[in-house]
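Heads up, the thing below is written out as structure tokens.
The values are calculated or read from the model by the stated rules, or taken from the named source; none is laboratory data. Everything numeric here is computed off the predicted structure, so don't read it as measured data. Methodologically, a virtual Cβ is constructed for each residue, glycine included, from the backbone with ideal geometry; neighbour enumeration extends over all protein chains shown.
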Amino acid sequence: MRQSDWKLIRALPLFCDMSEANFEKLVGAAFLQRFPPHTILINEGDLPDFLHIVVDGSVEMFCAHNGHETTIDIMRPATTFILAAVIRDEVYLKSARTLSPAQILMIPAQTVREVFGRDAAFARSIVNELADRYRVVVRSLKSEKLRTSAERLANWILKTNHQQGDHQRVELMFDKRTLASRLGMTPENLSRNLALLAKYGVKSAGRDIVIEDSSALERFAKPNMLIDG
């Protein structure tokens with residue numbers, strides 16, 4: 001692993017407070033691997049062999065049932081997945097595949113559980129991360145239950161614009177079909193909702209979404225700190 005990658009992983013909240021010896025044990029047992037786009041990394045229903053950390057690229061978390069498939073989340077550097085299954089040694093409830101070329105650090109699940117049992121700082125960090133993930137799930141559930149699909153899209157545009165530097169232009173890091181699935185709608189509904197948002201200052205420009213009137217979009221979206229963070 002490159003020194004820059006080592007420092008990136010060490011700086012993550014999950015690892016930053018643990019002892020150097022235990023961190024070296026974790027990373028010493030790990031390996032860094034590159035994957036092409038659309039590679040399946042894990043399958044729901046399987047037991048976890050590794051804790052995965054996205055070092056570079058993007059990974060789609062998704063689920064399938066009875067011929068239907070939906071996107072749960074998009075993971076970007078530097079984040080872990082799926083921590084709860086690793087700690088509990090229970091089956092994955094989600095699958096994962098690369099959306100783009102990706103570099104993934106894979107730490108053996110058994111090593112993670114061993115260090116969890118003896119490093120108090122690491123254990124606290126795991127509890128904090130699991131609590132954060134739980135709150136993300138609750139926010140997502142509230143958005144899905146309390147908003148229309150157009151309102152979910154509007155709030156996603158506002159939030160992503162802020163994350164990308166408030167340039168009033170959202171650059172899509174994946175295709176619109178994946179975005180639609182992530183927001184709980186069909187591609188056809190996404191197209192209709194983008195057309196609806198045109199009256200509130202939103203314009204679709206290829207893989208980008210341009211915000212021409214952020215005040216009008218905010219009035220429509222009604223962002224809520226208890227949902228959007």
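Some notes on this structure:
- For region 127-144, a residue qualifies if it is over 17 Å from the mean Cα position of the chain (by Cα) and closer than 27 Å to Ala109 by Cβ, and exactly one does: Val127.
- Among the residues making up region 145-157, those that are under 17 Å from the mean Cα position of the chain (by Cα) and over 14 Å from Asn189 (Cα atoms) are Asn155, Trp156, Ile157.
- The listed residues are Val136, Val170, Val112, and the only one of them that is of a type outside the set (Ser, Thr, Tyr), in the same structural domain as Asn22 (by TED's automatic domain parsing) and touching an Asp or Glu at 6+ places or on another chain (Cβ under 9 Å) turns out to be Val136.
- Filtered residues of region 73-123 (kept if under 20 Å from Met173 (Cα atoms), of a type outside the set (S, T, N, Q) and out of contact with any helix residue (DSSP H, G or I) (no Cβ under 8 Å at 6 or more places or on another chain)): Met75, Arg76, Phe81, Ala96, Arg97, Pro101, Ala102, Ile104
- So Gly67, is it more than 16 Å from the chain's Cα centre (by Cα), free of Cβ contacts under 8 Å to residues at least 12 places away in the same chain and closer than 27 Å to Leu183 by Cα: yes
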